[in-house]
1. Quick check on my filter: what residues within region 247-290 are assigned to a helix (DSSP H, G or I), in contact with a strand residue (DSSP E or B) (Cβ under 7 Å, 6 or more places away or on another chain) and either within 16 Å of the ligand (Cβ to nearest atom) or at pLDDT below 95 (or both)?
2. Given the residues 54, 33, 50, which is the only one that is buried (at least 24 other Cβ atoms within 10 Å of the Cβ), touching a helix residue (DSSP H, G or I) at 6+ places or on another chain (Cβ under 8 Å) and in contact (Cβ under 8 Å) with a residue 60 or more places away in the chain?
3. Is region 354-371 home to any residue that is in contact with a strand residue (DSSP E or B) (Cβ under 7 Å, 6 or more places away or on another chain) and more than 30 Å from residue 69 (Cβ to Cβ)?
4. As an exercise: evaluate residue 108 against (1) surrounded by fewer than 19 Cβ atoms within 10 Å (Cβ to Cβ); (2) in contact (Cβ under 8 Å) with a residue 40 or more places away in the chain; (3) in contact with a strand residue (DSSP E or B) (Cβ under 7 Å, 6 or more places away or on another chain) and give the number of the one condition it does not meet.
5. How many of the residues making up region 313-342 are away from the ligand (no atom under 13 Å from the Cβ) and crowded, with 24+ Cβ neighbours inside 10 Å?
6. Residues of region 460-507 being without any contact (Cβ under 8 Å) to a residue 60 or more places away in the chain and assigned to a loop (DSSP other than H, G, I, E, B), which ones?
7. Just to be sure, is residue 409 assigned to a loop (DSSP other than H, G, I, E, B), within 14 Å of the ligand (Cβ to nearest atom), within 21 Å of the chain's Cα centre (by Cα) and buried (at least 17 other Cβ atoms within 10 Å of the Cβ)?
8. Regarding region 173-188, can at least one residue be identified that is assigned to a strand (DSSP E or B), over 29 Å from the mean Cα position of the chain (by Cα) and loosely packed, with under 14 Cβ neighbours inside 10 Å?
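The values are calculated or read from the model by the stated rules, or taken from the named source; none is laboratory data. Because the structure is a prediction, the values reported are computed rather than measured. Glycine also receives a Cβ, built like all others from the backbone with ideal geometry; neighbour counts cover every protein chain displayed.
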Ligand code: MZP
């Protein structure tokens, strides 16, 4: 007979966090939001930590290189999706790794023999108004000059003229030499009143461009997640089918973290793939996996598959219909509580701490905080990031409102059968497990993430805590009745929004 698990399958919206004692030191500016990604032993430190506990989902409509750059600059991490060719995924990783926080690999380059009309079409494509000129037109070619849209008048110049005749030649360009620091580069830019500083090596080959705006931006992003070489950190999703080819390519591209992207990770396929990676690369590769929703699933991936971190969640994603289609899944709060309890038990038994990621189903900021209070080390979100400017989908105007498309990896649109079928025989999507939808645009990552984090810091202070481990340890959560849930919203008042007024109308 089947086993019926005690208790109801619960979700985050059914809980609230009780405040603890707040003292004078519990100030938002004292809160530390770092969180481990790699497993570690008691007394040791994890080899990789996030600076904020947010990661973006490995989905086509979420994690491309622009989002990965924007999120790493805030201190979080993106997992570039694997439902694309190895070459494309590798190129996305390379783009993030080459961003290099302030030192940018020039991606708009011309040859001296190119024409002004070539300049204009590249400007249209990239939006850049300053372009490096190299002998072969490559980003690392011998640097011969720089041209901007202020060097000629589009309407009064013959656009078939050569770039060489309008550019500022190397002899007159202010440039920096390789090895220069970002601070030194910025001092030159300020003193010489320039917007862009090319950095060249001893052979006069172009290496980077430094822009004034990037330096200011860098100063505004103190939590940037950087590797040892000061490049942005990026994650890559992998599957259990082509890992022998995909993993070497992703590591060569510089991926810092790999994670199996699977709707059900409690499988021999995931264990075997993980062990192959361990045997081939040892423990130096940071490797996560999942998804699981139970204590035994956790044990299997922690012990048998030797994963660094484990993702929890089946069927809770905003675009997910797995529970409807297959009857598989579990309320996200119950799943997380069960797995965290097992993780803590495993830690007591072995002295090895395994970070847990709560993946999917977070419909507002509060639910992020509940997940962290319940012991998740970090959360993975799709919808939240799909709504930002930096997600890879186009903006769409529907009845005067701006939206972005957001589709599940289990939808026909994504065609990601590898996420849903471990066995080799299956090579198509037989039935959908995800939907194709739209989400409203909410702004850029640098606007929405700091707001969420400001609320999170305030919540930690309310509980009387200053770090995420302390928050998870001290939080007291209470189940809420439907009535107390209603009580938590506005009651017996008509809000300005409900009246359809603007704040100016109301004052
Ligand atoms: P959400 O943040 O949009 O609620 O959920 C994102 C998560 O849903 C992803 O990280 C992934 O685990 C899961 N997902 C992605 N595609 C599907 C699907 O098509 C899905 N069913 O469930």
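1. Of everything in region 247-290, just one residue is assigned to a helix (DSSP H, G or I), in contact with a strand residue (DSSP E or B) (Cβ under 7 Å, 6 or more places away or on another chain) and either within 16 Å of the ligand (Cβ to nearest atom) or at pLDDT below 95 (or both), namely 270.
2. On the way: 33 fails: buried (at least 24 other Cβ atoms within 10 Å of the Cβ); 50 fails: touching a helix residue (DSSP H, G or I) at 6+ places or on another chain (Cβ under 8 Å).
Being buried (at least 24 other Cβ atoms within 10 Å of the Cβ), touching a helix residue (DSSP H, G or I) at 6+ places or on another chain (Cβ under 8 Å) and in contact (Cβ under 8 Å) with a residue 60 or more places away in the chain holds for just one of 54, 33, 50, which is 54.
3. no
4. (2) is the only condition that residue 108 fails.
5. Of the residues in region 313-342, 3 are away from the ligand (no atom under 13 Å from the Cβ) and crowded, with 24+ Cβ neighbours inside 10 Å.
6. Hits for region 460-507 are 481, 489, 490, 491, 492, 493, 494, 495, 500, 501, 502, 507.
7. Values: assigned to a loop (DSSP other than H, G, I, E, B): yes; within 14 Å of the ligand (Cβ to nearest atom): yes; within 21 Å of the chain's Cα centre (by Cα): yes; buried (at least 17 other Cβ atoms within 10 Å of the Cβ): yes.
Judged against the criteria, residue 409 is a match.
8. The initial filter retains those residues of region 173-188 that are assigned to a strand (DSSP E or B), namely 176-177.
After this cut, where a residue has to be over 29 Å from the mean Cα position of the chain (by Cα) as well, the list is 176-177.
So of that shortlist, the ones also loosely packed, with under 14 Cβ neighbours inside 10 Å come out as 177.
Yes, region 173-188 contains at least one residue that is assigned to a strand (DSSP E or B), over 29 Å from the mean Cα position of the chain (by Cα) and loosely packed, with under 14 Cβ neighbours inside 10 Å.
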